[in-house]
Amino acid sequence: PSAFLAFTRSAFVAKRRNYDQPNWFGVGLAFSTTAALWALLFKQHNEDIMEYERRKQEKQHKCTGCS
């Protein structure tokens, strides 16, 4: 009975990692996700800077004919 219980203890089977063969899909996914997030960060930063400069110019504009 004890040998039978050893096999039914867990639904998951732990196996030793093979470090000779890295998980290249996981590595590529991690690096590409990081690169995409950095690209979005730089894009958003540049848009924010442009909006800041536009509002700064708009604030300095004191034309009576525009309002």
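The values are calculated or read from the model by the stated rules, or taken from the named source; none is laboratory data. This structure is a prediction, so every number in the text was calculated from the model and none was measured. Methodologically, a virtual Cβ is constructed for each residue, glycine included, from the backbone with ideal geometry; neighbour enumeration extends over all protein chains shown. Ligands, DNA and RNA are stripped out before the accessible areas are found, and what is left, the full protein with its side chains, is counted by its heavy atoms. Shrake-Rupley method; radii C 1.70, N 1.55, O 1.52, S 1.80 Å.
Computed values, structure above
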{"quantity": "E58 part of a helix (DSSP H, G or I), among the charged types (D, E, K, R), at pLDDT 85 or above and surrounded by 10 or more Cβ atoms within 10 Å (Cβ to Cβ)", "calculated": "no"}
{"quantity": "Count of the range 13-46 residues which are in a helix (DSSP H, G or I), open to solvent by less than 80 Å² (accessible area, probe 1.4 Å) and not small (G, A, S)", "calculated": "3"}
